[in-house]
Amino acid sequence: MSHTNDTFEINQPDQYWKEKLTPEQYFVIREKGTERPFTGKFEDHFEPGVYTCAACGNELFTSDTKYHSGCGWPSFYDALDKTKIYEKIDRSHGMVRMEIMCAKCGGHLGHVFNDGPADKTGLRYCVNSLSLDFKKDSTSKK
């Protein structure tokens, strides 16, 4: 998805997001914060389904690509569809990383690293639980 100057399909003022999101979600999704490792509700969550953007509902990852990386945040080795994730170089905190955002609303999700499963994509999408919602697969017997 093409973005010019970080403009997104859903472009709302801060007040909209402050009313829609919890203060913790707002800090992570809109202010590019992070939750403490091993505290997020989806870190050890492995039900079948789809992980969506907590801000706008955009479908981002499936449970089929989720794995336990040990990093303390939900990890996925692939996105549901690469056009649903917007990547941007992040030079904050004295590091150079690749930030990942929802391509629909620009919400901060986390970062993607090149240390994922070598037998898959080799990528680790490291995502804040606060940035995600979950839609359970209704066809699953689990």
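Looking at this model, which pairs from Lys88/Lys136; Lys66/Lys135; Lys82/Lys120; Lys32/Lys104; Lys82/Lys104 are more than 18 angstrom apart at the alpha-carbon?
Lys88/Lys136
Considering only Cα atoms, the convex hull volume of the stretch 75-142 works out to 120 Å³ per residue. Near Leu109, the amide H atoms lying under 5 Å from its own belong to Ile100, Met101, Cys102; only residues 5 or more places off or on other chains count, and H is placed 1.01 Å from N. Here is the short version for the chain: Cys71, Cys126 have no other Cys C-beta closer than 4.7 Å. Shown is the FRET efficiency for Asp115 and Asp90, computed with R0 = 22 Å from the Cβ-Cβ distance and rounded to the nearest 0.05: 0.85.
Just the number, please: Stokes-Einstein D of the chain in µm²/s, Kirkwood Rh from C-alpha pairs, 20 °C, 1.002 mPa s. D = 140 µm²/s.
Compute the FRET efficiency between Phe38 and Glu59 as 1/(1 + (r/R0)^6), taking r as their Cβ-Cβ distance and R0 = 41 Å, and round to the nearest 0.05.
Between Phe38 and Glu59 the formula returns 0.95.
None of the figures in this text is laboratory data; all of them are computed from the coordinates on show. In this text the structure is predicted, and so the values were computed from the model without any measurement. Cβ coordinates were reconstructed from backbone atoms using ideal geometry, including for glycine residues, and neighbour counts include every protein chain displayed.
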